[in-house]
Every structure is written in structure tokens, then in C-alpha cells.
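The structure under discussion appears below in the form of C-alpha cells.
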Amino acid sequence: MRKRMTFLHEKEYYAYWMRLIELERQEEMKFHKKEIERLKGIEREKKGRAIVGLRYSKMTRDNLGKYYVYLRRDKEIRNTEIKAGDVVLVSHKDPLKEPSLTATVYYVGKNYVILFFEKKPSSKFFKRTLRIDLYVNETTYARMKEALLKVKKKDISYPLDVLLGHREPLKLKTQQTIKSFPFFNKNLNEVQKRAVIKAVREEKELFLIHGPPGTGKTTTLVEIALQLAERGNKVLISADSNTAVDNFLEKLLQYRQDGVVRVGNITRIFDNLLPYSLDYQVNELLNNIKELKELYSKADKLELQLSKYVKPTPGNRRGLSLEEIVELSKRGKGIRGISSKKMKKMAKYIELNKELSAVKNKINEYKNKALREVLDRSHIVFSTNSTAGSDILKDEDFDVVIIDEATQATEPSSLIPLIKAKKAILAGDHKQLPPTILSMKAKEEGLEVSLFERMIELYKTHAIMLKIQYRMHEEIMKFSNKYFYGGELIAHPITSYELKEMPVMFIDVDGEEEQKKGSTSYFNREEAEKVKELVEYFLNLGFDEKDVGVITPYEDQVELIKNMLKDHPGVEVSTVDGFQGREKEVIILSLVRANKKGNIGFLKDLRRLNVSLTRAKKHLVIIGNKKTLRGYHPLYNEITASDDKK
């Protein structure tokens, strides 16, 4: 993979990243297009990426003028990947060959779906049976491109020469000591406290926090955000995923509830955090305005009246201007094949539409005033990277931007919030999984390299690594500590759990990897059976199902193990990517690969293995084929050697 560390100028930076995100966009589009073309709607539904046979039920609207469309069907909706917050295409039979609408999923129920629209969709569209399909989220790509264009135009708050790699970020001298610093969280360790002081007092333009698993990265960032806001800074906190943003917000709310707002689609926000959302806070202000309800009522009546008259479309107008239609109507005249009656109906439509526009403008004035009030009183603003480029935050400037889980975002994604502030604090772990990239060409040419990874290689003296971990037993920690973290991690005494079994075990299974016809994934029946046996063993030891997790690199192995564990629905089974950032009391890792050639596929990416090894708190059981694994890397040799000691 190619790594690009520095750029000659802003135009080169723009061209480089624009090309890579366009490659990725095309690849994502190709994936969905090929599947829609290849599969019937019902077949794509079986894959979890479509829901067919839906019929219109009703439409509602909230105080912000957002519309919610309810679609139902008799048949139960099962095993769908479509979830709240997903962008979908709404069509009748074929979303690629016929007019379709783009909507956001608000809720997926047992046999109904609620879709969310920023503008009122045409009721005519919903008269036939509908289907919804997962598709490319063009909005995110558009916002990345817009951020890149701002860099090209030098229209950014963040220092361009630091971004391009031309100079070291500036530092400030401080005499601040840990003892004299007024921390909100008194339980921070010494390294976390040093990170807070450096971020708040010493680093003027850039600070990087390398947070290995369980070292309290987000806890440290929360303290930094609180300290910055306390000093009068306006802070933007973002991450690539909604989950990461909401996890951050939940921790911060333990210390502060005022002056905090979560911007974003409410379908993607944790239910318990909705009172802190922008929509909720704006709605609270609008609910007290009696005139607003009257305006909405008036708008509804005008829209109903409009439907009774003739809309002056180009076909109906026949070259006449709106002013000419009104004037001819007053004189009771028709012209160019337009009867006087039709002329009057178009003139009436123009009159009512003008009145409706005035009403809507008044509604927007109230909405914008309330929106401005909430944003002005908020010292800490939370959003995803993408939402930082939305119309709501487009013109907002911040003193500091904090980007959490920055190693899981592409640089163009992190750029969206970065350019809005003069100072940036990035946190992540570049020894864990990088951003997910579909395009192999984009991946090979550097799209997988995050902004955090590029900055930490360029500006090592502006980074700190958190070293005390609170999650894993010391024996579980030792593999990752040795091969990824330079032996610098220290297990906190809290991780010295009393255990009935060894914390780490490797079980050699002499199984056979298999592939389904047409699949690029793998599965291993013998390993799956051993997983089932181990799950039941740990449950018998007294662990709850929710405390046990099964990780495997291959989707087909996930499917096989899930089927075998139907009697234990609380046991989570997922891919490595699905478990990143998570933890369980017990982790069982099935490596799957077993062949004479020693081909280990996905497992060559040691960062993938690092994620898997660092999810467990008390017990880590690794299942694999010793003969296949040995010889690729010393880490695999050491893991499999634990079986030799039995």
C-alpha cells in the first residue's frame, strides 16, 4: 500500500484525495447496482438489503417541517440489514430504471417501515406498491468533496501548512503542573492527566492521543472537552460513526448537561440522548410559539387548495411568463390554445402559491431563530464527521475540534470537521483496524491511511500514548503489548481477576476450511463445533450469554456458528470489524483457515488479529489450525505455542 505523507501544495492535496474517494464511490455504487440488476427484489430482501411489497399507510410532520411516511405490509420483515438512519432508494419495481425517491429510514418494525423526508414527497408516488433498497449515501461523498474544495481554495480555519506536512505545529510554554490543575475527573491516571494538560495548555494547533484498547481514550477526551469549554472555547466533537459520537456524549453528560447539543439525524441517536439533540431542543422552543401552529395549519389549507387549480408548468404555460398569465386572467382572456378558464385556474394557483411561500418563509424564520438560539448557547457540539458538513453547521466556526476514533475514518472524512477549527485533537489507535475500503485500487493508493496515522508519522512529538489499560487480564494483554505497543502497556490492578480457568488458551483443531459455491468467504465446521462446545462450557461456569462473544474473520463462519448457537441467542457472533471498540468477559476466536499451503488470507493483516486479541477481559480462547498458522509471523508462533505446553 502506498503512503502519502506530504503534499507540495493544496491543489495536489485536492487532486490526490478527490481521485481516491471517487474510486471508492464508484466501487460502492457498482456493488449495489450489480446486486440490484442481478437479483429480483425478493432475492435482494433475502440478502437483507431491500424490503419489498410495502404500501403507503400515512404521512405525519413535526414542528421542524420534516415528514414521516409510514409504509406497511402483511408479511413480517425479517433478518434485514436496513436499520434506522440508513439512506434508501424508494421505488415501485426497479430503483435503477424508474423514478425513485431518496429517504432516510426512521424505524423498522415487525411489518412496517417509517421513512423520513426533509421535504414533503408527492402523495401520487405512494399510490402503488413500493420497495426500499440500500444504496450509496451520496451526501457523505458530497461533503468530503466540498471539504476538499475548501482546502483547494484555502478557505479553511485549520493551518494549511500543517495539514500539507510543511511545518511542525506550534506549541505554547506552560508551567502548569498536575497538582495545580483543576481536573473534573479526579480518577484520571498520571498519563491521562499529562495528556489533558498538553491538549489544553501546551499544544496550539495539533495534539494526537494514541489510545490502545482499554486505556481510557474517550475518558481522557471527555476531560479535555470539559476543560476547553470551561475556558470559553467552542468545541466540536466528532467521529466517523454515530455510535462513537453517542458513547462520547454519554460519558460527558456525567459531568455536564448544559450548553451541550447533539447535531444529526435523530434516527441515528441513542434514545436516552434525544433530549440533547438539536431537533429536540429546537422543538422545545417552537412548541411555545402559538403563531407557528397557526402558520402550519394555514400552509396545509393552502396546499389543499392548490391541488384544485392548474399548476403553470412549462407545458401548461406554453411560453407565457407568470406575470402574463395573471394579466390575461384579469382580462378574462385565453391565448395560444389556453382557454380563459384554464388561464384563471393557473392565475389562482400562482396567487395561492405566492401566499404559501410567504407562510413558509415565516415558518422558516421561526425555525432558523430557534436553531440559532440553540447553537449559540451550546459550547460543546457533537456530530458525526459527515454531519459537520451539513447545512446546519456549514457556516459554524469552532475554536477546537476533537475527532474520536480518528483511525477508523478516511482522511477526507476527518477533513470535514477539521477545517472548521484552528486547533485539532485527534484520538485513535493506528495499530487496530483502519477505515473499511471497498475499492482495492483506492486502498492500494492510500485511502486506507487515516489522517491520524499520517499526522502521527509526521509529528511524533505532538503525540502521547496512554499506557495503563483497565480491560484485559495481563496474560491476555501480553501478545498485543509485545508486538504492537512496544511493551509499554501496564495492566491496572483492577484487571487481576480471580479466574477458574487460564486466561488465554489456544486450541488446535485439525479441521478443513470450505467455501460455498460462488462465495469468497470461508467456513470451518470442526472449528464451529468446538466454538459451540466452548460457549456451553463457559455458560456452565456461570457466565451470562451477553458476557460471551465469538469473533471470526469470515462472514460464512459467522452464519454457520449463529445457526449452531440458536439455543443461545444472547451470545454475540460477529466479524472482527463488528467487534472493534467492544469488549466481553469471554472471547472465543475462530480463525477458520486450514490448508496445506499455509494460506491465511485475512489473517495476514495483523491489525485484524490485534483487534480480536484485545476484546476479552477475563478469558480469550483462540481456535485454529496450528500447521496452517505457524511460520507466517512470530506472533502466530507464540500464540500457537501455548498449545504445546498442555
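Taking label points 7 Å from Cα along the Cα-to-Cβ direction, LYS154 and THR60 give a separation of 5.2 nm. For GLU146 and GLU365, FRET efficiency with R0 = 22 Å and r from the beta-carbon atoms, rounded to 0.05? Here the calculated transfer efficiency is 0.25. For the chain, what class follows from the C-alpha gyration tensor (a ≥ b ≥ c being the square roots of its eigenvalues): rounded when a/c is under 1.5, otherwise prolate if a/b is larger than b/c, else oblate? Prolate shape, in that a/c is at least 1.5 and a/b is the bigger ratio.
With a 1.4 Å probe rolled over the protein heavy atoms of all chains, the accessible area of ARG78, ARG630, ARG607 falls in the order ARG78, ARG630, ARG607, largest first. For the chain, the relative contact order is 14 percent, taking Cα pairs closer than 8 Å that sit 6 or more residues apart in sequence and dividing their mean separation by the residue count.
Using the Cβ-Cβ distance between LYS186 and THR461 with R0 = 25 Å, the FRET efficiency computed as 1/(1 + (r/R0)^6) comes to roughly 0.30. Once backbone amide H atoms are built at 1.01 Å from N, TYR106 has GLY85, ILE114, LEU115, PHE116 as its partners under 5 Å, excluding neighbours fewer than 5 places away on the same chain. Spin-label pair LYS516-LEU253: with each label point 7 Å from Cα along the Cα-Cβ axis, the two points sit 3.9 nm from one another. Multiplying the residue separation of ASP94 and ILE289 by 0.36 nm and subtracting their alpha-carbon distance yields 65.8 nm. For region 58-128, applying the loop criterion from DSSP together with a ceiling of 16 other beta carbons within 10 Å to the chymotrypsin sites (Phe, Trp or Tyr not before Pro) yields no site. Under 13 Å from the Cβ of VAL326, count the other residues' Cβ atoms, weight Lys and Arg +1, Asp and Glu -1, and hand me the total. In short, +4. In terms of its C-alpha gyration tensor, region 20-158 comes out oblate, because a/c is 1.5 or above while a/b does not outweigh b/c. Once the Cα-Cα distance is subtracted from the 0.36 nm per residue extended length, the LEU172 to MET440 segment shows a gain of 92.3 nm. When the chymotrypsin sites (Phe, Trp or Tyr not before Pro) in region 479-526 are filtered for DSSP coil states and for at most 14 other beta-carbon atoms within 10 Å of their beta-carbon, the remaining sites are TYR497. Working note: Karplus 6.51/-1.76/1.60 with θ = phi - 60° gives region 295-311 the couplings 5, 5, 5, 5, 4, 4, 5, 5, 5, 5, 5, 4, 5, 8, 10, 9, 6 Hz, where Gly and Pro are set to x.
For region 209-236, the residues whose amide N sits under 18 Å from a probe point set 7 Å from the Cα of ILE490 along the beta carbon direction are 210-217, 220.
For ASP94, the accessible surface of its heavy atoms amounts to roughly 40 Å² (probe 1.4 Å, protein chains only, rounded to the nearest 10).
Reducing region 154-200 and region 71-125 to their Cα centroids gives an inter-centroid distance of 45 Å. Sparsely packed loop sites in region 280-358 (the GluC sites (Glu not before Pro) outside DSSP H, G, I, E and B with at most 15 other Cβ atoms within 10 Å) do not occur.
Extension gain for the segment LYS566 to TYR112, taken as residue separation times 0.36 nm less the Cα-Cα distance, is 160.9 nm to one decimal. Report summary: the helix-based calculation at 222 nm, which adds -39500 (n - 2.57) for every DSSP H run with n ≥ 4 and divides by the residues of the chain, gives -11500 deg cm²/dmol. Rolling a 1.4 Å probe over the protein chains gives ARG55 an accessible area of about 140 Å². Taking label points 7 Å from Cα along the Cα-to-Cβ direction, GLU76 and LYS40 give a separation of 2.3 nm. Could you sort out which of LYS83/LYS293; LYS333/LYS362; LYS530/LYS617; LYS530/LYS596; LYS217/LYS422; LYS251/LYS467 sit more than 27 Å apart by Cα distance in this structure? The pairs that break the limit, which is 27 Å between Cα atoms, are LYS83/LYS293; LYS333/LYS362. Roll a 1.4 Å probe over the protein chains and send me the accessible area per residue for the chain in Å². On a per-residue basis, 48 Å².
Mark the label point 7 Å from the Cα of GLU138 along Cα→Cβ and return the residues of region 82-99 whose backbone N is within less than 19 Å of it. Only 86-99 pass the distance filter.
The values are calculated or read from the model by the stated rules, or taken from the named source; none is laboratory data. Predicted, not measured: the structure shown is a model, and the values here were computed from it. Don't worry about glycine lacking a Cβ; one is built from the backbone with ideal geometry, like all the others, and counts go over all protein chains shown. Remember, those area values only see protein heavy atoms, side chains included, never the ligands or the DNA or RNA. Shrake-Rupley method; radii C 1.70, N 1.55, O 1.52, S 1.80 Å.
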